[in-house]
1. Inside the range 157-180, can you point out the residues that are among the hydrophobic types (A, V, I, L, M, F, W, C), within 14 Å of the ligand (Cβ to nearest atom) and within 18 Å of Leu222 (Cβ to Cβ)?
2. Which one of the conditions (1) surrounded by 24 or more Cβ atoms within 10 Å (Cβ to Cβ); (2) in a helix (DSSP H, G or I) does Val33 fail to meet, given that it meets all the rest?
3. Can you list residue pairs whose Cβ atoms sit under 8 Å apart, with the first residue in the range 74-103 being within 16 Å of Ala275 (Cβ to Cβ) and the second being among the aromatic types (Phe, Trp, Tyr) and modelled with pLDDT under 95? Count only pairs 6 or more apart in sequence or on different chains.
4. Tally up the residues in the range 149-192 that are under 13 Å from Phe239 (Cβ atoms) and either aliphatic (A, V, I, L, M) or touching a Ser or Thr at 6+ places or on another chain (Cβ under 6 Å) (or both), please.
5. Determine, yes or no, whether Gly92 is in a loop (DSSP other than H, G, I, E, B) and under 25 Å from Arg307 (Cα atoms).
6. One residue is enough: does the range 207-230 have a residue meeting the conditions of a type outside the set (A, V, I, L, M), under 26 Å from the mean Cα position of the chain (by Cα) and either at positive phi or modelled with pLDDT of 95 or more (or both)?
7. Taking the range 191-205, which residues are of a type outside the set (Lys, Arg) and surrounded by fewer than 15 Cβ atoms within 10 Å (Cβ to Cβ)?
8. Hey, can you tell me all the residues within the range 181-193 that are more than 12 Å from the ligand (Cβ to nearest atom) and touching a residue at least 12 places away in the same chain (Cβ under 8 Å)?
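The values are calculated or read from the model by the stated rules, or taken from the named source; none is laboratory data. Everything quoted here is computed from the prediction, not taken from an experiment. Backbone-built Cβ (ideal geometry, glycine too); neighbour counts: all protein chains shown.
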Amino acid sequence: MSDNLYDTIIIGSGPAGYTAAVYAGRANLKTLVLEGIERGGQLMITSEVENYPGFPQGVQGPELMEHFRAQAERFGATLKSVLADKVELKQGAPFKVTAEGVTYTARTMIVATGATARFLGIESELAYKGKGVSACATCDGFFFRGKEVAVVGGGDSAFEEANFLTKFASKVTLLHRRDTFRASKIMVDRAKANPKIAIKPFVEVAEVYGENQTGTVTGVKLKNTETGAIEDFPVQGLFIAIGHVPNTELFKGQLDMDETGYLVTKPGRTATNIAGVFAAGDVQDHYYRQAITAAGSGCQAAIEAERYLENL
Ligand code: NAP
């Protein structure tokens with residue numbers, strides 16, 4: 001086998017990718033993980049993970065991912081912190097993936113590229129990104145010590161971000177376009193019980209504005225989703241927590257996707273439309289989107305890859 005030919009190449013380094021690597025490694029498959037530049041996936045920008053089994057006191061997201069990575073390495077996976085920029089899958093095995101000018105080939109491939117935070121898509125939001133607009137409270141919350149901030153969204157992420165931001169901000173307002181929430185009841189109750197959190201329903205952010213001189217956010221214009229009325233709402237930070245988009249650009253025209261870009265796998269399986277190519281984690285799951293379910297599907301993908309190779 002040539003140096004660059006692997007039994008399986010895993011693209012992605014979140015819970016799905018590393019778990020696939022642990023299982024593939026233990027099955028004695030020659031395994032390469034292309035981790036991307038910012039390895040570790042979404043848990044790297046999460047604070048405490050309270051619901052990953054095995055950690056009764058909770059664990060910090062980055063620490064958990066270091067455990068995942070170390071375990072993948074222990075079972076012999078080769079890990080490379082490079083970004084895959086081209087894949088050739090349609091012609092069948094050996095599948096090819098190019099990263100930073102080097103082409104790697106494999107008899108099977110596991111796609112575990114995850115999903116990325118979504119933004120509102122308004123022009124002024126873009127102008128203030130990194131200057132008061134953020135999609136990551138864990139990364140940027142620290143800069144808002146003693147300030148008033150708002151979080152957009154009504155899902156678990158929005159409530160988690162709001163709760164985390166109360167460590168720094170003097171006040172956190174959760175802005176949501178409805179008055180019912182996708183977030184779990186425990187998260188909503190926790191926010192309601194937190195004196196630093198206010199919930200403002202029936203609003204969407206129409207514009208972000210700030211000081212021209214310093215370029216930092218001073219407020220947002222809110223549009224009432226029932227009446228259409230516009231109001232000024234002064235805040236110094238705006239955190240967007242409105243869901244994610246799957247990282248599937250690389251696979252367009254090769255792997256089947258649904259209308260929102262998530263990879264389609266066979267029901268209850270990780271097999272894609274191309275034999276020998278499997279997909280695991282958030283890249284193919286817009287429903288559960290948990291570290292534990294991502295890890296579970298990474299395990300499934302590695303087992304499927306191993307059985308596929310055995311059957312050849
Ligand atoms: P989500 O559940 O899809 O919620 C997205 C929220 O953003 C919804 O409230 C949605 O409003 C709102 N939204 C979407 N587009 C919008 C727009 N353009 N303008 C304004 N609001 C917009 O996403 P998520 O909160 O990121 O959670 C994703 C998954 O991860 C869920 O399964 C969640 O349970 C899980 N999660 C779990 C935890 C935890 O257990 N600790 C933490 C974080 C996430 P509508 O409701 O009106 O559509």
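1. Ala158, Ala162, Leu174, Leu175
2. Result: Val33 passes all but (2).
3. Every condition considered, no pair remains.
4. 12
5. Yes.
6. Taking every residue of the range 207-230 in turn, at least one turns out to be of a type outside the set (A, V, I, L, M), under 26 Å from the mean Cα position of the chain (by Cα) and either at positive phi or modelled with pLDDT of 95 or more (or both).
7. Ala193, Asn194, Pro195
8. Ala191
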